[in-house]
Each structure stands twice: as C-alpha cells, then as structure tokens.
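For reference, the structure discussed in these notes is given below.
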Amino acid sequence: MTQSLTLLGLESSCDDTAAAVVRQEPGKRAQVLSSIVFGQTELHSAFGGVVPEIAARAHAEKLDLCVVDALQAAGVTLQDLDAIAVTAGPGLIGGVMSGVMCAKGIAAATGLPLVGVNHLAGHALTPRLTDDVAYPYLMLLVSGGHCQYLIARGPEDFTRLGGTIDDAPGEAFDKTARLLGLPQPGGPSVQKEAETGDPKRFRFPRPLIQRQDCNLSFSGLKTALMRMRDQIVDEKSGLTRQDRADLCAGFQAAVADVLASKTRRALAIYLAENPTTPTLAVAGGVAANTAIRAALETVCDELNTQFTAPPLALCTDNAAMIAFAGLERFRAGARDGMDLTARPRWPLDQTSPAMLGSGRKGAKA
C-alpha cells in the first residue's frame, strides 16, 4: 500500500443502523476514526424479535443522520473520503436496500467510488482491523443469524469448513430467553441468569457432537429446554428463579461444549495447512459470551493456537467492519457501479455446497 485510504462504511442488514469512518496509512494498522450505531431494540421489544418492515423504515429514517454524525465524529468531510463501502447483503432485504440506496446517493452526488461488502466478510475480517491478524486464519463467525467455520485466506477468499444446519446459536439464545420470560436480546439475558445457575442440574443434549465434521445444530437443544421447562412447570405449577437460572446455565454449557468440540475439529483441518502463525479468531455477538469464550480459549491453549476476539462493540453489527472490509476490497481493485444489488442471501464461500438449501434467490449459506 502506497497511499492513505479513508472510507465511509454503512451497515443496515438487520436492526442496527450504523455508519463509520476508517483510515489506513501506508505501513500502519487501520484506525477507526468514528463508529456510530443507532440501535432499534425498543422498536422491536414488544414483538419478541426483529420485525423486518419496522427495521427497514427505521434505517431509512436514520441513515443520513448516522452518516452526518460519523463524519463529524471523525473530523472529516465527504471530500476527504476515497470511497463509500456499504453492506450489500446478506440480511433483511428492506434494510439492505436502504443502505445500498443511501450509499448510491452519496456516490452519485460526490463521484466517489462505491464498494459493496458482504456483511459476513465484515465480521470475518474484523480481526485484521483490530489485531492485524495474518492470513490464513481460522474464523468462527457466531452470531444471531449465522454460525460457520471459515479459513480466511484473503479479503474475498474464504473456505467454509462447516456451520449450522438450522438455528444459529444467537437465535437459539433469543428463543431460550423468550421461553423463560427473559428480555431481548437473549444472549446477554441468558448469560446473566446463568451466572447464579448450576450447569450440571439439567443435562441437555450436545447435538451432532459425535459426528466427525464441523457442522452444528442448535434447534433440538432449544426444544429440549422447552420440554424441560414444561416438565418443571407441570411438577411445581411454575418456575422458581433458581429453576430458571439452572436452565440457563445448562443450556449455555451445552452450547459451549458443542462449539468447543467442533472448534477442535475445525482447528485440526486448519492446522494441517501449517499456517505460519496459527490463529483462531471469533466474531459475532455470541463471541461476547464469557463461558463460550473461555471454552474456546481452552481449546486454543491445548492446540498451541493464538486466540483473538474483537472488542464487544466490534463483535456486534457495526459499520467500522464494513468500512474496513470495503477498504481491503478497494485496495485490491474492487469497484461497484450503480447497478449494485441488495442481496438477501450471499454465502462467503461460493464453491461449497449450500448448507441450508437454495431457492430462487440463491443459496442461504
């Protein structure tokens, strides 16, 4: 790299409206000059989950304000930018369209280049933004909507080793919280409740743990918790606070055990390539769970592999990761035109068979 690059990033794939400015000087690590996120938790709280139509409208109302705040916080103007990066998928299509149209408008008005970014690539490249991790590294992307193991070899070169065949772990945490009457988002609520619980009181299944591959399943685990809850309610005519804490602790322990087991298998495949600096990077909202993180760190210690996870603010959806992923693509020569399309589905690994099936709109994952 011979010149400084400054990119504005936009993210609107789910329920967070975000804008950020990232700059990279020659020979230096990229810097996040600003990162603004407008959450929508209150808008969706009454519905027990994200309502796509409400999310899309909120993005349309907030994106321009978010951009202004990001530019002001970074101390730059549109004239100081080299390109605009935007999440072009996968995600809730109304939200993705809002971001893409906003980015196109800015690009058309300023003449700045436009770079479409895969939202999953944003997460997968975050360890390079925060810790300058060298390629190739093993990436565990574990969030509310996604869960997969990827070997990252370049900004657009990913090999999927496995992933969830049904619910993502974050989705399972959200459903567990709803089953137990805990507030959303479910991940932090279940973790907090589990702190006072006994993880050994209820023995939940460890789905697919005996299979010698890197695929995961969490739907049955959530169903097992629902049945255990119903059994306790039938016996006691309700749940005590300790019952709920023990259920959360048992569920969390099961997820951690499954991820640790499958991570061990994914690392074996990755380490067979003899990487110079073996590294497991974890990103996505579920990476903030302390029990899961501790289990993964233990596996890395056993296999002499470095462990890294971005700060919480960069684990959940944000635009800094999109700006950086766009910067990596832009530096490699990638440019998109005004025909850039919003995509509800967009697998990172374009060569591996679809895990969750395909439809008219393409492979889901």
Top-ranked residue of segment 9-39 - restricted to ones that are surrounded by fewer than 20 Cβ atoms within 10 Å (Cβ to Cβ) and within 21 Å of the chain's Cα centre (by Cα), ranked as nearest to residue 331 (Cα to Cα)
31
Can you tell me which residue within segment 258-295, out of those that are under 22 Å from residue 145 (Cα atoms) and in a loop (DSSP other than H, G, I, E, B), is modelled with the highest pLDDT?
289
Cβ pairs under 7 Å, 6+ apart or interchain, first in segment 125-153 and over 28 Å from residue 167 (Cα atoms), second hydroxyl-bearing (Ser, Thr, Tyr), ordered by first then second residue, are 131/308; 133/279; 133/308; 134/276; 134/277
Give me a count of the residues in segment 208-224 that are open to solvent by 20 Å² or more (accessible area, probe 1.4 Å) and in contact with a strand residue (DSSP E or B) (Cβ under 7 Å, 6 or more places away or on another chain).
3
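Checking the structure you have, find out if any residue of segment 24-36 is closer than 26 Å to residue 184 by Cα and not in a strand (DSSP E or B).
There is no residue in segment 24-36 that is closer than 26 Å to residue 184 by Cα and not in a strand (DSSP E or B).
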As an exercise: evaluate residue 333 against (1) under 16 Å from residue 119 (Cα atoms); (2) open to solvent by 20 Å² or more (accessible area, probe 1.4 Å); (3) not charged (D, E, K, R) and give the number of the one condition it does not meet.
(1)
Need pairs with beta-carbon distance below 7 Å; first residue in contact (Cβ under 8 Å) with a residue 24 or more places away in the chain and within segment 66-83, second of a type in the set (Phe, Trp, Tyr) and open to solvent by less than 70 Å² (accessible area, probe 1.4 Å); sequence gap 6+ or separate chains.
66/38; 83/330
Going through segment 91-111 one residue at a time, which ones are within 16 Å of residue 326 (Cβ to Cβ) and open to solvent by less than 10 Å² (accessible area, probe 1.4 Å)?
96, 99, 100, 103, 107
When residues of segment 225-257 are limited to those that are outside any helix (DSSP H, G or I) and more than 15 Å from residue 182 (Cβ to Cβ), the one most open to solvent (accessible area, probe 1.4 Å)
237
Counting only residues that are over 20 Å from the mean Cα position of the chain (by Cα) and closer than 22 Å to residue 345 by Cβ, which one in segment 40-56 is most open to solvent (accessible area, probe 1.4 Å)?
53
Given the criteria touching a residue at least 12 places away in the same chain (Cβ under 8 Å) and part of a helix (DSSP H, G or I), does residue 342 qualify?
no
Take segment 172-220 and flag every residue that is of a type in the set (S, T, N, Q), touching a Pro at 6+ places or on another chain (Cβ under 7 Å) and part of a loop (DSSP other than H, G, I, E, B).
217
For segment 135-153, check the following and say yes or no: at least one residue is among the aliphatic types (A, V, I, L, M) and assigned to a loop (DSSP other than H, G, I, E, B).
no
Could you go through segment 349-360 and let me know if any residue there is hydroxyl-bearing (Ser, Thr, Tyr), part of a loop (DSSP other than H, G, I, E, B), surrounded by 15 or more Cβ atoms within 10 Å (Cβ to Cβ) and modelled with pLDDT of 95 or more.
no
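The values are calculated or read from the model by the stated rules, or taken from the named source; none is laboratory data. Please read these numbers as outputs of a predicted model, since none were measured by experiment. Cβ sites come from the backbone with ideal geometry, for glycine too, and all protein chains shown count toward neighbours. Quick note on the areas: whole protein, heavy atoms, side chains included, nothing else; ligands and nucleic acids left out. Shrake-Rupley method; radii C 1.70, N 1.55, O 1.52, S 1.80 Å.
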